[in-house]
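The values are calculated or read from the model by the stated rules, or taken from the named source; none is laboratory data. Keep in mind the model is a prediction, meaning the values are calculated, not measured. Because the Cβ atoms are built from the backbone with ideal geometry, glycine has one as well, and the counts that use them run over all protein chains shown. Quick note on the areas: whole protein, heavy atoms, side chains included, nothing else; ligands and nucleic acids left out. Shrake-Rupley method; radii C 1.70, N 1.55, O 1.52, S 1.80 Å.
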Amino acid sequence: MVKHSLIALGIILVAASGTLAKKEPAISATASKQKQLALVRVNVTGQSYDYFRPWQKKAPFSKRALGAVLSKGRVLVTADLVTNQNYVELERAESGEKTAANVQVIDYEANLALLEPVEKTFLDGITPLEITPDTVVGDRLAAWQLEPTGALLATEGLVTTVQMMPYPIDVGQFLTYRISIPMQYRENSYTVPLVKNNKLAGLLLRYDSRSQLVDAIPAPIITHFLKEAESQNYRGFPSAGFSFFPTRDPELREFAEEKGKGGGVYVTNVEPATPAMKAGLQVGDIVTAIGNHEIDQNGNYVDPLYGKIEFTNLLTAHAYAGDVVPFHIQRNGKPMQLNVTLEHRDAKDYVSPPYYLDQPPRYFVLGGLIFQELSRQYLKEWGPNWQREAPQRLVYFDHFQSELFPQRNRRIVILSQVLPANSTIGYDDLAYLTVTKVNGGEIKSLDDLAEAVKHPIEGFVKIETEEDPKQIELDATQVAAEAPELQENYGISSLQRLQ
Amino acid sequence: MNRIFVIGYAALLFASVSYAQESTPAPPPVEQQVPGQQSGASRSTPPGQAVVPVPVPIAPPKPNGPVQKSLVRITATSVEPDYRAPWNAGGLQRGVGAGFVISGNRIMTNAHVVANSRYITVERDGDPNKYPATVQFIANDCDLALITVPAPDFFKNMLPLKFGGIPALESTVSAYGYPIGGERMSVTTGIVSRVDFQLYTHSSVDQHLTIQISAQINPGNSGGPVMQDAKVVGVAFQGYSGDVAQGITYAKLQNPAQRKFLGLKDDDRGVLVSSVVAAGPSDGILRSGDVLLAIDGHPIASDANVEVEGERAQFEEVVERKFKGDSVKFDILRDKQPLTVTIKLYKPWPYSIQGHSYDVRPRYVLYGGLLFQPLDLDMLEAYRTSDLRLRHFFEYFILEQIYLQHPDVIVLSNILPDPINTYLAPYRGAIVDEVNGKKIRTLDELAQAFAQAPGQLVIRMIGDGPPLVLDRNKVEAARERIKTRYNVAKEQNLEERPASGAPAQANKI
């Protein structure tokens, strides 16, 4: 996905304006009532992994939410809701009847998931929600919630902007509706469907109760997700792998040999092994159009529905992984066309994976030293303000990973903490060190480390770190002898998890 | 304020200088008893507020004498540089502190009392006059300064104080000064609760020996003497601890396996050299992985302590007592072989971006309304930036040896809006890497690159952002306009030259 570090402000400001509003007749709350609501309650219990004690899970959580019933017996919820779930249960609103459910498909980046009831007949009698993809600024949407009685609580709001925004996982940006709506708190307001004329227009992404603004995952993203989900092998949303900058600055335009008044964005970085690199895109190119859509100097194209919106929407909402998308570019003043075959970039294809969910974290314990691989998931263990509160050096590595590790073919192995034991006397204060070598062997993953510790130097395991103290030694025999006691004392079920 | 530190050894360092001078001229006559003053005896048992009993006093403390004959009140008017508009003189501030007379007609005080000062006056007890004073010498790293009063008779009736040693733990000391809440001298008494290395907040990078006492010290006490047995044992100031940067970093060697691996005996000696700063005095002499066994013959314990004059202190303490040009000898173990190396403390550390600077005007270059400044603590604090890259470059400037590539980390810190830079706001906070293909290492090089620029200037920033492109002709045409509109007196200041009338800086070792 393209990055926006420098330009975010400019782009967002512009993307919000100039939408071609096509007024729909306002709908009323009563009009959106149905006999059999296409809503079910979703009860989730789950446990997330404890990155500070990676061998264990945290205390269970439970969440109550709503799901939108779609065709073919599927229930749409946000990925947030069912992440790290142990058990998902569907509950009919009017009867209270329950059944277990499985997660069919989940997309963390787009924050969407599909559930299917174990009991196939569970949703019988419910008319599934259709999806309406044509919501524009000025439309009124109703947020559907349920009263404890099972009755519908519908609150209406106005779509104020349609723009590209980051989603919770923060991998690229996606199309988002922003709706001004005075929503009320209900116990199960986790996933709230937004409805226009009895058709699903979006799903609540986040709600700010002070400003009464809802950001919603829009129907075009939901449709994209559902279409992909039909295929056997869900790939996820595509990305191209380059960063860009507006070409408003006349000096930059001249530097890039863009003589006329044409539009386009300046390519500031092309990441190795990405679709953009494979297609031959270069730093300094100006991308002037994607397919038939011309890009202006701010990076917007004219969408038939929304008017001006950032061109990345063409690559996320409109295109699929595997699609060949023609990029029209200017290089040294000459027009060219590059055919970019889009791919989905998996979380595991990052040096510091942006998310690591529904799977246990990898770790390696050696005589009280705990080694882990850096991921944003680990940093998020510091809470909502992790970017300020997590160790800043690690935040820096994560944030600038494409710049610091352009080859991407590695992980960052950290000595995350030290459990006091006889073998670690004098090392108690060490934490958050990046491991460069173990027993002379270079460390680019925990697998490297697990292999390297098998070959001690004259009976010692020598660990080299990028930061001070630069080197740490352990007595290999002592480490092995003390392992059972260490496991017993600190309740470590297993000394490593590398799968 | 519950923690108070008193400079101990740093004061001694100065004391040795003054003794050296004292040996030639005859010491000034010492008037021990002055009629009308409190008798020394009544002072020896401090007044009611001294509630801290001293357990097992070896000898009753000697009276400190008529300290008001030594104490002065210092009022300094200073100009704080404005790092956000570095062409301006800065804001005026007035502060009050204490000082005390020592031999040679000098007054000792804290550097922070007189740093950045433009005008200083001194008052003494029982004299209505305010005497203008000048700074002779200022050492910001150890927060000490010497000032003098040119008025001929000022020192005539003053009593120079002498320096003592390091006070014992639990012994009683008295702090003298002019804290807020009154005009007259105040005394507080407390016991010595800790003697340790602490960060000096004045520069915020330097660690020196400090004596922590259990007495209330308020603003205005700063610079006042802390006394025991009629001798100065320290200078009052306040502080807290934090990170420091040194010429080498080391790790304690308390892990048995690590000791065995390094070929150390099963005793409790030695610390491991972790990093050696490439531009520091140990560069090329010590290496990462060396074990320091002794410093100038003092064995270094595995917790980095040495024994000096019966007190255990961190081994840097030995270096502390040296002056520029002195040498320090280390017994080391390298690849299990014993070796002796000598390090000459020949130059001050040139890259002090992590500390506060005083009595200097900020360096900057303003070009086309773009303000370029070298990254340092003062600048970072002025802009209150949370920029991850800037903070990283600041924090790891020494440990990642960033100074080798970027002795000045030049930041596009601010933009004075003008039609020629309308679209450049997103570059704010970026670090300059090269101009027209040439690496830029220092602010001087940047100024030169701007001066010699052909028609087009292409400034590459660190990271994968776009280049910043300027048209020289347009910049030239806008110069006067920007200067006038923003009242910019000077478009650049390249030298960290002393502000007018600033005293000589002490050399750091």
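Observations on the model:
- Qualifying residue in segment A:141-160 (condition: on the phi < 0 side of the Ramachandran plot, free of Cβ contacts under 8 Å to residues at least 24 places away in the same chain and among the aliphatic types (A, V, I, L, M)): yes
- Residue check for A:N489: among the polar types (S, T, N, Q), modelled with pLDDT under 95 and over 33 Å from the mean Cα position of the chain (by Cα): yes
- Of all the numbered requirements in (1) under 21 Å from A:V324 (Cβ atoms); (2) more than 14 Å from chain B (Cβ to nearest Cβ); (3) part of a loop (DSSP other than H, G, I, E, B), A:Q282 misses one, and that requirement is (2).
- Segment A:66-84 residues that are without any contact (Cβ under 8 Å) to a residue 12 or more places away in the chain, paired with ones that are open to solvent by less than 10 Å² (accessible area, probe 1.4 Å) and of a type in the set (A, V, I, L, M) (beta carbon under 8 Å, 6 or more apart): none
- Listing of strands (runs of 3 or more DSSP E) fully contained in segment A:383-499 that carry 3 or more residues being open to solvent by less than 20 Å² (accessible area, probe 1.4 Å) and within 12 Å of another protein chain (Cβ to nearest Cβ): A:460-465, A:471-475
- Qualifying residue in segment B:359-366 (condition: within 18 Å of B:L468 (Cα to Cα), out of contact with any Ser or Thr (no Cβ under 8 Å at 6 or more places or on another chain) and of a type outside the set (K, R)): yes
- Filter result (farther than 26 Å from A:I106 by Cα and part of a strand (DSSP E or B)) within segment A:346-371: A:F364, A:V365, A:L366, A:L369, A:I370, A:F371
- The set of residues in segment B:452-475 being in contact with a Gly (Cβ under 8 Å, 6 or more places away or on another chain) and either open to solvent by 40 Å² or more (accessible area, probe 1.4 Å) or within 25 Å of B:Y383 (Cβ to Cβ) (or both) consists of B:L470, B:R472, B:N473, B:K474, B:V475.
- With respect to (1) of a type in the set (G, A, S); (2) open to solvent by less than 20 Å² (accessible area, probe 1.4 Å); (3) at the interface with another protein chain (Cβ under 9 Å from one of its Cβ atoms), the lone exception for B:A478 is condition (3).
- Every condition in (1) among the charged types (D, E, K, R); (2) without any contact (Cβ under 8 Å) to a residue 60 or more places away in the chain; (3) part of a strand (DSSP E or B) holds for B:K156 except the one numbered (3).
- None of B:N129, B:N64 is touching a Lys or Arg at 6+ places or on another chain (Cβ under 7 Å), assigned to a loop (DSSP other than H, G, I, E, B) and among the polar types (S, T, N, Q) except B:N64.
Yes/no per residue for (1) under 26 Å from B:I211 (Cα atoms); (2) within 12 Å of chain A (Cβ to nearest Cβ); (3) of a type outside the set (F, W, Y):
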position: B:S274; (1), (2), (3): no, yes, yes
position: B:I285; (1), (2), (3): no, no, yes
position: B:S288; (1), (2), (3): no, yes, yes
position: B:D296; (1), (2), (3): yes, no, yes
position: B:A304; (1), (2), (3): yes, yes, yes
position: B:E307; (1), (2), (3): yes, no, yes
position: B:V328; (1), (2), (3): yes, no, yes
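- In the set B:H392, B:H406, only one residue is in contact (Cβ under 8 Å) with a residue 24 or more places away in the chain and within 29 Å of the chain's Cα centre (by Cα); that residue is B:H406.
- In segment B:117-142, residue surrounded by the most Cβ atoms within 10 Å (Cβ to Cβ) [restricted to those that are modelled with pLDDT under 85 and farther than 24 Å from B:Q68 by Cβ]: B:C142
- Beta carbons closer than 9 Å, at least 6 apart along the sequence or on distinct chains, pair a first residue in segment B:450-474 that is on the phi > 0 side of the Ramachandran plot and touching a residue at least 60 places away in the same chain (Cβ under 8 Å) with a second that is open to solvent by 40 Å² or more (accessible area, probe 1.4 Å) and of a type outside the set (S, T, Y) for B:G463/A:L6; B:G463/A:E403.
- The single condition among (1) within 14 Å of another protein chain (Cβ to nearest Cβ); (2) touching a residue at least 60 places away in the same chain (Cβ under 8 Å); (3) in a strand (DSSP E or B) that B:V432 does not satisfy is (1).
- Restricted to segment B:195-299, the set of strands (runs of 3 or more DSSP E) holding at least 1 residues that are at pLDDT 85 or above and within 20 Å of the chain's Cα centre (by Cα) comprises B:225-228.
- Qualifying residue in segment A:418-426 (condition: under 25 Å from B:V276 (Cβ atoms), polar (S, T, N, Q) and in contact with an Asp or Glu (Cβ under 9 Å, 6 or more places away or on another chain)): no
- Residues (part of a loop (DSSP other than H, G, I, E, B) and open to solvent by 60 Å² or more (accessible area, probe 1.4 Å)) located in segment B:77-116: B:R84, B:N88, B:A89, B:N105
- Residue within segment A:330-351 that is surrounded by fewer than 23 Cβ atoms within 10 Å (Cβ to Cβ), hydrophobic (A, V, I, L, M, F, W, C) and under 30 Å from A:S493 (Cβ atoms) present: yes
- Residue count for segment A:257-266, restricted to those that are open to solvent by less than 70 Å² (accessible area, probe 1.4 Å), more than 9 Å from chain B (Cβ to nearest Cβ) and on the phi < 0 side of the Ramachandran plot: 5.
Residues are listed down the side, and each one gets a yes or a no for (1) within 14 Å of chain B (Cβ to nearest Cβ); (2) free of Cβ contacts under 8 Å to residues at least 40 places away in the same chain:
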{"residue": "A:P193", "(1), (2)": "no, no"}
{"residue": "A:A219", "(1), (2)": "no, no"}
{"residue": "A:Q232", "(1), (2)": "no, yes"}
{"residue": "A:P250", "(1), (2)": "yes, yes"}
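- Within segment B:433-451, tally of residues that are open to solvent by less than 60 Å² (accessible area, probe 1.4 Å) and polar (S, T, N, Q): 1
- Flag for A:A65 being within 15 Å of A:Y190 (Cβ to Cβ), in contact with a helix residue (DSSP H, G or I) (Cβ under 6 Å, 6 or more places away or on another chain) and at pLDDT below 95: yes
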